[in-house]
Amino acid sequence: MANKFRADVVTWAEVDSPDPPPWADRAFHSWNILSEGDSWFTMAGIPTSNLLFEMRFPVSARIVNCATPGDTIKHISQISSNRGLQRGLSKGDGEKWDLILLSGGGNDLIDEAGSIIIDPEERGSLKMDTPADYCHQSHLKALIERITRGYRRIVELRDDPDAPSSGVPIVCHTYDYPTPNNSPARFLGTGLLGPWLYRVFLNERIPKEDWIDLADYMFEYLAQGILSLEGQLPNFHVVDTRNTIVRAKPGKRDESGDWLNEIHPNSKGYAKLARRIGIKVLNLIGD
């Protein structure tokens, strides 16, 4: 089946309208999906672009997105405690969803990068032979534990006794590899945010020739942590999106490759990621 239908991404405010538009009304769609996530799911990027907007399916689908305008850099604890997500999965107000889409962990890593990297004074004159040598391994491990706890909490919400969507598939993703560049993100109402890795690596005096390897090492560590949940948690699926999009060239300040800025893909990049995720969705709930 051709994926000819662009998903209708709607907010709870549209769903709750006294006279909801057709694109927000469940009755007009074959698939009903709940989503919550970080800035890859936000509706507030400039230009307006996110992963959900690029989702295509063989049938009409409604995605109720708990990530609302103004959400930019969210952490897994905020995602797992989001009121919209809790409402969507609750016994009293929740619905029976066909699938739950999640995006989380990348922002946690970016915000923790400064504490993960060993201070220059502590490194001293020691030779850094591998990217791991730059990192506090205990900090990395603790970060992954916090991220996986957040995902486990969402699974617990889904599977609460008598919850309407108990046991429905959950799909999340890994992250592709960003290039540490002085390329901030622009958000409506927030202005410029970032850059993130670029600033940390500069402040921590990481040699520029090691920037890409170090960033890749940390995101690889994150990917392995998220992937480890598949098989541990019931009906929990991880789409491995590493090496899906063209990485930005080092030194670029603006759009490069399939990246809009340092940590967010552009619409072309999101479309590639969405195709990978869409295949998993189709395999799980397609007829």
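The values are calculated or read from the model by the stated rules, or taken from the named source; none is laboratory data. As the structure is a prediction and not an experimental result, all values here were calculated from the model. FYI the Cβ positions are ideal-geometry reconstructions off the backbone, even for glycines, and counts take in every protein chain you see. Remember, those area values only see protein heavy atoms, side chains included, never the ligands or the DNA or RNA. Shrake-Rupley method; radii C 1.70, N 1.55, O 1.52, S 1.80 Å.
Scanning region 243-287 for residues that are among the polar types (S, T, N, Q) and farther than 29 Å from Pro169 by Cβ yields Ser256, Asn261. When Lys272 is tested against (1) within 25 Å of Trp31 (Cβ to Cβ); (2) touching a residue at least 40 places away in the same chain (Cβ under 8 Å); (3) within 15 Å of the chain's Cα centre (by Cα), exactly one condition is not met: (2). For region 124-136, indicate whether the set of residues that are aromatic (Phe, Trp, Tyr) and either closer than 19 Å to Ile76 by Cα or at pLDDT below 95 (or both) is non-empty. Looking through region 124-136, none of the residues is aromatic (Phe, Trp, Tyr) and either closer than 19 Å to Ile76 by Cα or at pLDDT below 95 (or both).
Within the option set Glu204, Glu220, Glu209, being under 17 Å from the mean Cα position of the chain (by Cα) and open to solvent by 10 Å² or more (accessible area, probe 1.4 Å) holds for one residue only, Glu220.
Of the set (1) modelled with pLDDT of 95 or more; (2) touching a Phe, Trp or Tyr at 6+ places or on another chain (Cβ under 6 Å); (3) crowded, with 21+ Cβ neighbours inside 10 Å, all apply to Ala67 but (1). In region 64-88, the residues that are farther than 15 Å from Cys172 by Cβ form Cβ pairs under 9 Å with partners that are open to solvent by 40 Å² or more (accessible area, probe 1.4 Å) and modelled with pLDDT under 80, at six or more places apart or across chains, as follows: Pro69/Leu188; Pro69/Gly189; Gly70/Leu188; Gly70/Gly189; Gly70/Thr190; Thr72/Thr190; Gly84/Thr68. Listed conditions (1) farther than 30 Å from Gly124 by Cβ; (2) modelled with pLDDT of 95 or more; (3) open to solvent by 30 Å² or more (accessible area, probe 1.4 Å); (4) in a loop (DSSP other than H, G, I, E, B) are all met by Asp254, apart from (2). The residues on offer are Gly225, Gly194, and the sole one that is touching a helix residue (DSSP H, G or I) at 6+ places or on another chain (Cβ under 9 Å), surrounded by 16 or more Cβ atoms within 10 Å (Cβ to Cβ) and modelled with pLDDT under 95 is Gly194. Considering region 231-243, the residues that are outside any strand (DSSP E or B) and either touching a Pro at 6+ places or on another chain (Cβ under 9 Å) or among the small types (Gly, Ala, Ser) (or both) include one that is nearest to Val155 (Cα to Cα), namely Asn235. Among residues of region 207-230 that are under 28 Å from Val171 (Cα atoms), those with a Cβ under 7 angstrom from a residue that is hydroxyl-bearing (Ser, Thr, Tyr) and part of a helix (DSSP H, G or I), sequence gap 6+ or separate chain, pair up as Leu214/Tyr134; Gly225/Thr148; Leu229/Thr148; Leu229/Tyr151. One residue alone among Gly167, Gly105, Gly124, Gly191 is in contact with a Leu (Cβ under 9 Å, 6 or more places away or on another chain) and at positive phi, and that residue is Gly105. When Trp23, Trp31 are checked against the criterion of being modelled with pLDDT of 95 or more, at negative phi, surrounded by fewer than 22 Cβ atoms within 10 Å (Cβ to Cβ) and of a type in the set (Phe, Trp, Tyr), a single residue qualifies: Trp31. Scanning region 34-48 for residues that are open to solvent by 20 Å² or more (accessible area, probe 1.4 Å) and either at pLDDT 95 or above or not aliphatic (A, V, I, L, M) (or both) turns up Pro47, Thr48. In region 154-176, which residues are of a type in the set (D, E, K, R), open to solvent by less than 10 Å² (accessible area, probe 1.4 Å) and either over 30 Å from Tyr217 (Cβ atoms) or in contact with a strand residue (DSSP E or B) (Cβ under 7 Å, 6 or more places away or on another chain) (or both)? Residue satisfying the conditions is Arg158 alone. A search for C-beta distances below 8 Å between a residue of region 137-153 that is open to solvent by less than 20 Å² (accessible area, probe 1.4 Å) and any residue that is among the charged types (D, E, K, R), counting only pairs 6+ apart in sequence or on different chains, returns Leu143/Asp108; Leu143/Glu112; Ile147/Asp108.
Residues considered: Phe28, Phe41, Phe5. Of these, the only one that is under 22 Å from Ala274 (Cβ atoms), in contact with a helix residue (DSSP H, G or I) (Cβ under 7 Å, 6 or more places away or on another chain), without any contact (Cβ under 8 Å) to a residue 60 or more places away in the chain and among the hydrophobic types (A, V, I, L, M, F, W, C) is Phe28. If you check Val59 against the conditions, is it at pLDDT 95 or above and crowded, with 17+ Cβ neighbours inside 10 Å? When the stated conditions are applied, Val59 does not pass them.
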